[in-house]
Amino acid sequence: MGYVNFSSRPTLVHDKVNMFGTALNVISGSWLLKTELAYLDGLKYTSTQDKLYSRIDALIGVEYNGIADTLISYDISLRHLNNYDTRLLNEFNPLEKDTYQQAFRISTDFVNDTINANYLISLFGKKLSEGGFQRVWIKYDLADGINVNVGVVDYIGGSTLFDTVKDSDMIFADISYSF
């Protein structure tokens, strides 16, 4: 993975990588405990073109579904870059040896499951201070197979990457038909 500057903005380019992973979910009453583990190999970065990297990604999370028509979830992940090189701090979005991300989501249904309201916040950094985003959206089942989806995305600054998009908040809407 690296950045190529074809214009005034850097562009993210991905090569093929190998990934192996596993997940385990355990249900206990209204609780779902989640774990995931992945190993990625063959990662390349612009600032260290002479090296290939591997990375280990781990996630642990919990979901609670004990309130009628409501789902609450919290996940925390760690991405650990093996054979770390301090030159990776020179990337457009500087890469640390360990990257943390946390996400909280609440989703609830109303009016006989025809309206689904959602809130998601995802923050990066050990102290949740390296940017992220929050999203609020509502999905409405207009008729059988026809859904309307509207929402807002708010980007939160705190890192090089998120500081470049923090003023790019958006409103979105779509209509879908499933047959």
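Just one of the listed residues (D41, D57) is in the same structural domain as D85 (by TED's automatic domain parsing), exposed (fewer than 14 other Cβ atoms within 10 Å of the Cβ) and closer than 25 Å to L89 by Cα, and it is D41.
The residues of the range 158-170 that are assigned to a loop (DSSP other than H, G, I, E, B), of a type outside the set (S, T, N, Q) and either touching a Leu at 6+ places or on another chain (Cβ under 6 Å) or surrounded by fewer than 16 Cβ atoms within 10 Å (Cβ to Cβ) (or both), listed by number, are D167, D169. Considering only residues in the range 76-102 that are hydroxyl-bearing (S, T, Y) and surrounded by 17 or more Cβ atoms within 10 Å (Cβ to Cβ), the one that is nearest to S47 (Cα to Cα) turns out to be T99.
Rundown of residues vs (1) of a type in the set (D, E, K, R); (2) in contact with a Lys or Arg (Cβ under 7 Å, 6 or more places away or on another chain); (3) without any contact (Cβ under 8 Å) to a residue 24 or more places away in the chain, yes/no style:
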residue	(1), (2), (3)
T48	no, yes, no
K51	yes, no, no
A58	no, no, yes
I72	no, no, no
R79	yes, yes, no
N82	no, yes, no
E96	yes, no, yes
D109	yes, no, no
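For the range 93-116, the set of residues classified as part of a strand (DSSP E or B), over 19 Å from the mean Cα position of the chain (by Cα) and among the hydrophobic types (A, V, I, L, M, F, W, C) consists of F110, I115, listed by residue number. For the condition touching an Asp or Glu at 6+ places or on another chain (Cβ under 9 Å), among the β-branched types (V, I, T) and either outside the structural domain of T48 (by TED's automatic domain parsing) or closer than 27 Å to G21 by Cβ (or both), T99 qualifies.
The values are calculated or read from the model by the stated rules, or taken from the named source; none is laboratory data. A quick note: this is a predicted structure, and the numbers were derived from the prediction, not measured. Glycine gets a Cβ as well: all are built from the backbone with ideal geometry, and neighbour counts include every protein chain shown.
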